[in-house]
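Chemist: To start, I am sharing the structure in question, which I have written as structure tokens.
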Amino acid sequence: MAAPAAPESAITASLLFAVGSGRVPSNEAPELPAEMTETLAKLLAHQGAEDHVARVVEVVRAGLEAVNADSSLTLSAQRYDTLRREFLAETGSAAGRVVWPVGSTTILKRAGGSWNSALVRTGLVASTKTQASGFGRARFTAEQYRTAVRDFARAAARKGGSTSYQNYLAWRRRSQEEGRSDLPSGPSLRNSYGSWSAALQDVEDQTPDAGLTPGSGTTPARQV
């Protein structure tokens, strides 16, 4: 089953979870919006971490309380990635799946390529910590994501091959060896779209004549 695409509430909850890590909400801590709680339950269940829902909600509440109480709080991208890795390792979430907390690449893309914009939208202040190379801007635009999937799907259709995720990884590697530098990684694509099948569907919806559907005059690619 394809992972549900992360809504905006999942992005906000991801950042608040990082802020709330190591904190305990007080009795006066605000309750989370029902939609956010439902989203967390759905995403965690998808990755086999449903037993952690109650604790996650409490940590996110602690983060929200901390943000409301201290307008000077901030969060570096490096710190966020560290806390995310620790949570995924602790819960045993399967590698390769689209998982919550969402990846920093998804946060960047949703915020127009700016980590600081993502912080401000969550109630934090802009981070002044030096960020790792590549942070602060999205490496690829939305159109480059779409172009990469479209070019791969067309190449697969010409050869009558599969448009599986693993085949994309192999095609990207060959293309890079031939000089292309505009192809996002497989994990980046899945995080951006929510799932590999969603990426393929987006391209098919945008380019119905691209050779991805029956009746186009070429062998349709097979989604796996």
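Chemist: Of all residues in the range 113-128, which are in contact (Cβ under 8 Å) with a residue 24 or more places away in the chain and either closer than 17 Å to residue 7 by Cα or touching a Gly at 6+ places or on another chain (Cβ under 9 Å) (or both)?
Modeler: Of all residues in the range 113-128, those in contact (Cβ under 8 Å) with a residue 24 or more places away in the chain come to 113, 115, 118-119, 121-128.
Once the filter is applied, which keeps residues that are in contact (Cβ under 8 Å) with a residue 24 or more places away in the chain and either closer than 17 Å to residue 7 by Cα or touching a Gly at 6+ places or on another chain (Cβ under 9 Å) (or both), the range 113-128 yields 113, 115, 118, 119, 121, 122.
Chemist: So in the range 56-69, with the set limited to residues that are open to solvent by 60 Å² or more (accessible area, probe 1.4 Å) and either of a type in the set (S, T, N, Q) or modelled with pLDDT under 95 (or both), which one is nearest to residue 100 (Cα to Cα)?
Modeler: The initial filter retains those residues of the range 56-69 that are open to solvent by 60 Å² or more (accessible area, probe 1.4 Å), namely 58, 68-69.
So of that shortlist, the ones also either of a type in the set (S, T, N, Q) or modelled with pLDDT under 95 (or both) come out as 68-69.
Numbers: 68: 23, 69: 25 Å.
Within the range 56-69, the match that is nearest to residue 100 (Cα to Cα) is 68.
Chemist: Quick one: in the range 181-210, which of the residues that are in a loop (DSSP other than H, G, I, E, B), at pLDDT 80 or above and surrounded by 12 or more Cβ atoms within 10 Å (Cβ to Cβ) is nearest to the chain's Cα centre (by Cα)?
Modeler: That would be 195.
Chemist: Are there any pairs, at least 6 apart or on different chains, whose C-beta atoms fall under 8 Å, with the first in the range 150-176 and over 14 Å from residue 200 (Cβ atoms) and the second among the hydrophobic types (A, V, I, L, M, F, W, C), and if so, which?
Modeler: 172/148; 172/152; 172/183; 175/183; 176/183
Chemist: Can you pull out every residue in the range 12-39 that is surrounded by 19 or more Cβ atoms within 10 Å (Cβ to Cβ) and part of a helix (DSSP H, G or I)?
Modeler: The answer is 12, 13, 14, 15, 16, 17, 18, 19, 20, 36, 39.
Chemist: Got at least one residue in the range 86-106 being modelled with pLDDT of 90 or more, crowded, with 16+ Cβ neighbours inside 10 Å, among the small types (Gly, Ala, Ser) and part of a helix (DSSP H, G or I)?
Modeler: Checked the range 86-106: no residue is modelled with pLDDT of 90 or more, crowded, with 16+ Cβ neighbours inside 10 Å, among the small types (Gly, Ala, Ser) and part of a helix (DSSP H, G or I).
Chemist: On to the next question. For the range 160-180, which positions are outside any helix (DSSP H, G or I) and open to solvent by less than 90 Å² (accessible area, probe 1.4 Å)?
Modeler: 160, 161, 162, 163, 164, 179, 180, listed by residue number.
Chemist: Report the residue count in the range 107-124 for those that are open to solvent by 50 Å² or more (accessible area, probe 1.4 Å) and either touching a His at 6+ places or on another chain (Cβ under 6 Å) or assigned to a loop (DSSP other than H, G, I, E, B) (or both).
Modeler: Total satisfying the criteria: 1.
Chemist: A further question follows. Mind checking which residues of the range 57-71 are within 12 Å of residue 19 (Cα to Cα) and in contact (Cβ under 8 Å) with a residue 40 or more places away in the chain?
Modeler: 59, 60, 61, 62, 63, 64, 65, 66, 67, 68
The values are calculated or read from the model by the stated rules, or taken from the named source; none is laboratory data. Remember, it's a predicted structure, so these values are computed and weren't measured experimentally. Cβ atoms come from the backbone with ideal geometry, glycine included; neighbour counts cover every protein chain shown. Surface areas here come from the heavy atoms of the whole protein model, side chains and all, with no ligands, DNA or RNA. Shrake-Rupley method; radii C 1.70, N 1.55, O 1.52, S 1.80 Å.
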